[in-house]
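Read-outs: derived from the displayed coordinates by stated rules, not from any lab. Keep in mind that this is a model prediction, so the values were computed, not measured. For neighbour counting, all protein chains shown are included, and Cβ atoms are generated from backbone atoms with ideal geometry for every residue, glycine included.
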Amino acid sequence: MPELPEVQTVVDDLNKKIKGDTITGFWSDWDKTIKSMSLGTFKKNIIGKKILKSRRIGKNIFIDLSGGKTLYIHLKMTGHLILKPENKKSKFFDEKVNQYIHHSWKLKNKKGEMIDLDFSDLRKFAKIVLVNTDKVQDLPEIKKLGIDAMDPKFNLKKFQEILNKNSARGRSALGGKPIGIVLMEQELIAGIGNIYRSEILFAAGVNPERKSGDLKKEETSKIFKEIKRILKKAIELRGTSDSDYRDTSGAPGQYRKLLRVYRKDKQKCLKCAKIILRIKMAQRSVFYCPNCQK
């Protein structure tokens with residue numbers, strides 16, 4: 001599933017390339033993706049609307065339209081958005097991963113040029129919802145989210161508060177949860193997923209099975225520092241293409257070249273040459289070096 005850096009890359013591209021464009025049409029061959037209304041009603045409510053801006057909340061994409069409407073898009077496991085300007089072709093468009101187009105918006109810019117905003121989704125798990133702009137924060141999926149991992153208000157003090165939450169009531173609550181699980185809980189910190197969880201903890205030298213309430217102050221500080229550093233670098237490199245994720249040009253994210261442990265189980269650690277392990281935590285795989293991470 002695309003995580004914070006991948007979604008931020010898409011949002012940045014949308015703001016750069018289609019802000020101010022007008023929606024002139026919409027096509028879909030899988031209307032189950034469109035929630036809360038029929039395909040016909042959806043089309044009626046978006047055609048003619050101007051794209052005002054795009055934004056990210058956690059791993060969710062929001063495209064604000066004129067008329068007080070907002071497109072809410074969750075890419076889920078295999079979804080990605082591709083922009084195809086009229087008479088311009090990316091070398092990546094023809095790759096198989098970009099061929100599972102199930103939805104397409106027709107856009108017209110101020111110059112009169114046409115652009116297709118295609119939604120490729122192999123497994124068809126993604127969702128598209130049209131909501132009132134002023135009701136975005138009331139969506140159940142958004143209300144439950146914790147602080148965003150790249151929010152300036154997410155500082156070391158806030159991170160320590162999250163780790164120490166409920167610790168006064170004993171280790172049975174958050175203080176007893178492994179740090180590898182805490183980093184993945186969107187209700188606590190929004191945006192971190194499977195890829196960056198493994199990379200952050202490796203860089204910080206902390207074993208994912210360590211109880212969050214037992215971390216030393218310097219370990220907490222290292223983890224926080226790596227959250228900010230790694231996510232920032234991943235955004236700069238346009239995300240990680242683990243499998244299906246591609247940017248709006250259909251290109252893979254380049255952070256995959258910097259991965260140290262993610263999906264490298266049974267390989268030698270680049271730091272110490274010990275074998276990287278893979279374990280399951282909350283039904284998700286986490287990768288770590290048992291020698292470098294204590």
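Observations
- Anisotropy class assigned to segment 195-294 is prolate, per the alpha carbon gyration tensor with a/c at or over the 1.5 cut-off and a/b larger than b/c.
- Distance (nanometres) between label positions extended 7 Å along Cα→Cβ at SER38 and GLN99: 3.4 nm
- Peptides 239-245, 29-35, ordered by how many other C-beta atoms sit within 10 Å of their residues on average, highest first, read 239-245, 29-35.
- Within segment 147-288: Cβ-based charge dipole about Cα centre, in debye rounded to nearest 20 (Lys, Arg +1; Asp, Glu -1): 500 debye
- Beta bridges by DSSP in the chain, antiparallel share as percent, to the nearest 5: 90 percent
- Judged by the mean number of other Cβ atoms found within 10 Å, the most tightly packed of the peptides 154-161, 180-187 leads the ranking 180-187, 154-161.
- Nearest-20 debye value, the chain charge dipole, Cβ charges on Lys, Arg, Asp, Glu: 640 debye
- Distance cut-off 28 Å, percentage of C-alpha pairs in the chain lying past it: 41 percent
- Exposure proxy order (Cβ contacts within 10 Å, fewest to most) of ILE57, ILE200: ILE57, ILE200
- Segment 253-262 - phi-based ³J(HN,Hα) in whole Hz, Karplus 6.51/-1.76/1.60, Gly and Pro as x: x, 8, 5, 4, 6, 9, 4, 9, 10, 4
- For segment 71-208, a Kirkwood hydrodynamic radius built from all Cα pairs, placed in the Stokes-Einstein relation at 37 °C and 0.692 mPa s, yields a translational diffusion coefficient of 178 µm²/s.
- For segment 4-140, size of Cβ-based charge dipole, Lys and Arg +1, Asp and Glu -1, in debye: 200 debye
- Remark on MET281: its backbone amide H falls under 5 Å from those of VAL286, a criterion applied only to residues 5 or more positions apart or on other chains, H modelled at 1.01 Å from N.
- Set LYS69/LYS228; LYS53/LYS76; LYS19/LYS233; LYS50/LYS76; LYS135/LYS157; LYS69/LYS124 screened for pairs whose C-alpha atoms are more than 28 Å apart: LYS69/LYS228; LYS135/LYS157
- Violating pairs (Cα-Cα greater than 26 angstrom) within the set LYS165/LYS217; LYS17/LYS153; LYS144/LYS216; LYS16/LYS89; LYS96/LYS271: LYS17/LYS153; LYS144/LYS216; LYS96/LYS271
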